[in-house]
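A.B. asks: Below is the structure I would like to discuss, written out as structure tokens.
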């Protein structure tokens, strides 16, 4: 490879070219643009944008913001003796209970599980996404379809299938027995929960990683190699930082549903250890303690929000 | 943008108003009769209905697979009305719907939920004149702790919560006791371990019964003992499960399974070797649960509802119902028509002692959830 093949890079100090696809708000024409006209055009654009977004805006407010507000209001209410929520005598008792040792333990356990799930998903997905992104267009499309095929069947059905696979009559156990070993069962263990979560959420990690890697300008890696960086250094200094948006997006998409996972721990873990999702459900359905269940839900959302902001900041720094 | 901000603000205010209004209604209902008297349709619900009178289609809110479709068709033909059936999965979901203002002519809540709904003013009194077949109910189903009288409900079907046992796995001479779930030495030999209901009242109730207490016991020390009993055998409790307990049993995944009679009996009946399994009620006693027909206070067609109640309580129809859904019938007059097969299944229930109905324990209720969570660690 010769130096002449390196794409021309702008000299340091010049502003980067505008990203493609974004409308250029200030056309650099020779004609003088009056400030009034410019302002009017901006207003018109804002109005247009508002009307285009209106349906989804109404949808989100009615079906997301309003219910969320109701949950928030309920979290300060009281449970009466029959389990009905009384919307008076507002108090912070439910939030105070969040800091009891038992709740904190459940919370930390869920946090740990979500973190491990995210880490495993990332470790497995990155090489895979890298592989897909570096294939030719045909193979790439086939592989992408394969990643998405599991979505064609219901998540619950797929989790049930894992019950069979991990059960004492499942293929793993039968292979072990055929080799002269003991029958064994992963079902109803924490390992089974981890397998189920990683299986279920891996596509959410692969797809954003793929999107980030596919967009990458591979000439930059070539440049790094030309400058005597070894493979690992080129990856660490060029590829990884450039794929950070994918890592951040994928991690958030995996971490958040893992933290509140309910179906997988119940079906594959046998609900033997209490996790946040199970605990919240039991507050609503068994204890009929809606205020406390609402406070728990808000606490989970708060932690997710803080984690997301923190993660985005950390991700942005490396960019 | 200002328009957007205003829209958010007004919707927020609307949401808070809705919440606040809902709250006022909810708060006033329990103290009862004055509110009902003020709104005439509630106070008058079904009071003037005559025998076999219908005042519109029947909107029925029921558990799924609980009502024989042929009984529905026959009712529709006989009275010239349509029956529209919706389904719920838990008493709590039913309560939430009714409190949110859902309108049905008949609902089928379980025992403790009938008590809660009465306290919250959600049910209309049963009009005895329109339901003469109430006389068909066996005596024990007319003396109920949750609805003395009974004034607001009529028993629909009943069942128990007991144990499904894989006899080929645990051996012929197993103890008929909750030790099958909680004794570490006994259960250590069970291939696959045991399954316990993931329901705080049932799981803690089973442990309380094992210790010799009532399952409605409200002594925190006893509850702590029960919690320790469960945590002491976590090693052999393979799963806490309220949905697949019958499948797990017949698939050989667990040797003993804690579950509800109807599902367990149907599950065993569908197994490859039904004779390998047995449904038992532990000697220490177990849960008896009763589902009840009730007419909500806001029913639009109460007369049709009472006519339907009377129709289900008919001797012949009661037998048809039990032969179809395999649950116990509270209808004494219907017993003659019940298949021997179903009677055999329920024989242990008739002989069992120490059966108890779960009662709502009020403020104490949240402890069951907390102590089960604590037991799981």
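The values are calculated or read from the model by the stated rules, or taken from the named source; none is laboratory data. This is a predicted model, so every value here is computed, not measured. Every residue, glycine as well, gets a Cβ built from its backbone with ideal geometry; the counts of neighbours run over all protein chains shown.
A.B. asks: Residue B:370 versus (1) in contact (Cβ under 8 Å) with a residue 24 or more places away in the chain; (2) more than 17 Å from residue B:114 (Cβ to Cβ); (3) within 14 Å of chain A (Cβ to nearest Cβ): which is the lone unmet condition?
C.D. replies: Here residue B:370 meets the rest and fails (1).
A.B. asks: Of the residues A:206, A:238, which is crowded, with 20+ Cβ neighbours inside 10 Å, in a helix (DSSP H, G or I), out of contact with any strand residue (DSSP E or B) (no Cβ under 6 Å at 6 or more places or on another chain) and at pLDDT below 95?
C.D. replies: Values: A:206 fails: at pLDDT below 95.
Going through A:206, A:238 in turn, just one is crowded, with 20+ Cβ neighbours inside 10 Å, in a helix (DSSP H, G or I), out of contact with any strand residue (DSSP E or B) (no Cβ under 6 Å at 6 or more places or on another chain) and at pLDDT below 95: A:238.
A.B. asks: Oh, and also: Suppose the filter is closer than 19 Å to residue B:199 by Cβ, out of contact with any strand residue (DSSP E or B) (no Cβ under 7 Å at 6 or more places or on another chain) and assigned to a loop (DSSP other than H, G, I, E, B); does residue A:281 pass it? Can you show your working first?
C.D. replies: Numbers: closer than 19 Å to residue B:199 by Cβ: yes; out of contact with any strand residue (DSSP E or B) (no Cβ under 7 Å at 6 or more places or on another chain): yes; assigned to a loop (DSSP other than H, G, I, E, B): no.
Taking the combined requirement at face value, the residue does not satisfy it.
A.B. asks: Right, here's the next one. I need a count of the residues in the stretch B:67-89 that are touching a helix residue (DSSP H, G or I) at 6+ places or on another chain (Cβ under 7 Å) and more than 15 Å from residue B:293 (Cβ to Cβ).
C.D. replies: Counting residues in the stretch B:67-89 that are touching a helix residue (DSSP H, G or I) at 6+ places or on another chain (Cβ under 7 Å) and more than 15 Å from residue B:293 (Cβ to Cβ) gives 3.
A.B. asks: Report yes if some residue within the stretch B:121-136 is surrounded by fewer than 20 Cβ atoms within 10 Å (Cβ to Cβ), more than 28 Å from residue B:263 (Cα to Cα) and within 14 Å of chain A (Cβ to nearest Cβ); otherwise report no.
C.D. replies: yes
A.B. asks: Inside the stretch A:95-104, can you point out the residues that are assigned to a helix (DSSP H, G or I), touching a residue at least 24 places away in the same chain (Cβ under 8 Å) and more than 11 Å from chain B (Cβ to nearest Cβ)? Explain how you work it out, then say what you get.
C.D. replies: To start, the set of residues in the stretch A:95-104 that are assigned to a helix (DSSP H, G or I) comprises A:95-97, A:101-104.
Narrowing the set further to residues that are touching a residue at least 24 places away in the same chain (Cβ under 8 Å) leaves A:95, A:97, A:103.
Result: A:95, single match.
A.B. asks: Kindly indicate which of A:123, A:114 is under 24 Å from the mean Cα position of the chain (by Cα) and exposed (fewer than 14 other Cβ atoms within 10 Å of the Cβ). Reasoning before the result, please.
C.D. replies: On the way: A:114 fails: exposed (fewer than 14 other Cβ atoms within 10 Å of the Cβ).
Just a single option satisfies the conditions, and that option is A:123.
A.B. asks: Moving on. Name the residues in the stretch A:163-209 that are on the phi > 0 side of the Ramachandran plot and in contact with a helix residue (DSSP H, G or I) (Cβ under 8 Å, 6 or more places away or on another chain), would you? First the steps, then the outcome.
C.D. replies: Within the stretch A:163-209, the subset on the phi > 0 side of the Ramachandran plot is A:180, A:188.
Across the stretch A:163-209, the qualifying residue is only A:188.
A.B. asks: Within the stretch A:290-309, does at least one residue satisfy the condition of being more than 14 Å from chain B (Cβ to nearest Cβ), buried (at least 16 other Cβ atoms within 10 Å of the Cβ) and farther than 30 Å from residue A:88 by Cα?
C.D. replies: yes
A.B. asks: Could you tell me whether residue A:107 is out of contact with any helix residue (DSSP H, G or I) (no Cβ under 6 Å at 6 or more places or on another chain) and either within 12 Å of another protein chain (Cβ to nearest Cβ) or surrounded by 12 or more Cβ atoms within 10 Å (Cβ to Cβ) (or both)?
C.D. replies: Values: out of contact with any helix residue (DSSP H, G or I) (no Cβ under 6 Å at 6 or more places or on another chain): yes; either within 12 Å of another protein chain (Cβ to nearest Cβ) or surrounded by 12 or more Cβ atoms within 10 Å (Cβ to Cβ) (or both): yes.
Against the criterion (out of contact with any helix residue (DSSP H, G or I) (no Cβ under 6 Å at 6 or more places or on another chain) and either within 12 Å of another protein chain (Cβ to nearest Cβ) or surrounded by 12 or more Cβ atoms within 10 Å (Cβ to Cβ) (or both)), residue A:107 qualifies.
A.B. asks: Looking at residue B:358 and the list (1) in contact with a helix residue (DSSP H, G or I) (Cβ under 9 Å, 6 or more places away or on another chain); (2) under 27 Å from residue B:176 (Cα atoms); (3) buried (at least 17 other Cβ atoms within 10 Å of the Cβ); (4) away from chain A (no Cβ under 14 Å), which single condition is not satisfied?
C.D. replies: Answer for residue B:358: the failing condition is (4).
A.B. asks: Could you tell me which residue of the stretch B:343-354 is nearest to the other protein chains (Cβ to nearest Cβ), considering only residues that are surrounded by fewer than 17 Cβ atoms within 10 Å (Cβ to Cβ) and in contact (Cβ under 8 Å) with a residue 60 or more places away in the chain? Explain how you work it out, then say what you get.
C.D. replies: First pass over the stretch B:343-354, keeping only residues surrounded by fewer than 17 Cβ atoms within 10 Å (Cβ to Cβ): B:343-344, B:347, B:350-351, B:353-354.
This time we only want the ones that are in contact (Cβ under 8 Å) with a residue 60 or more places away in the chain, so: B:353-354.
Values: B:353: 28, B:354: 24 Å.
Looking at the filtered set, the residue picked out is B:354.
A.B. asks: Looking only at the stretch A:79-94, count every residue that is surrounded by fewer than 17 Cβ atoms within 10 Å (Cβ to Cβ), under 24 Å from residue A:279 (Cα atoms) and either modelled with pLDDT of 90 or more or more than 7 Å from every other protein chain (Cβ to nearest Cβ) (or both) and tell me the total.
C.D. replies: 4
A.B. asks: Does any residue of the stretch A:227-236 turn out to be over 17 Å from the mean Cα position of the chain (by Cα), more than 14 Å from chain B (Cβ to nearest Cβ) and on the phi > 0 side of the Ramachandran plot? Steps first, answer last, please.
C.D. replies: The initial filter retains those residues of the stretch A:227-236 that are over 17 Å from the mean Cα position of the chain (by Cα), namely A:227-236.
Narrowing further to those that are more than 14 Å from chain B (Cβ to nearest Cβ): A:227-236.
If we keep only those that are on the phi > 0 side of the Ramachandran plot as well, we get A:228.
Yes, the stretch A:227-236 has at least one match.
A.B. asks: May I ask you to verify whether residue B:157 is more than 14 Å from chain A (Cβ to nearest Cβ), within 19 Å of residue B:352 (Cα to Cα) and surrounded by 24 or more Cβ atoms within 10 Å (Cβ to Cβ)? Before the answer, list the steps.
C.D. replies: Details: more than 14 Å from chain A (Cβ to nearest Cβ): yes; within 19 Å of residue B:352 (Cα to Cα): yes; surrounded by 24 or more Cβ atoms within 10 Å (Cβ to Cβ): yes.
When the stated conditions are applied, residue B:157 passes them.
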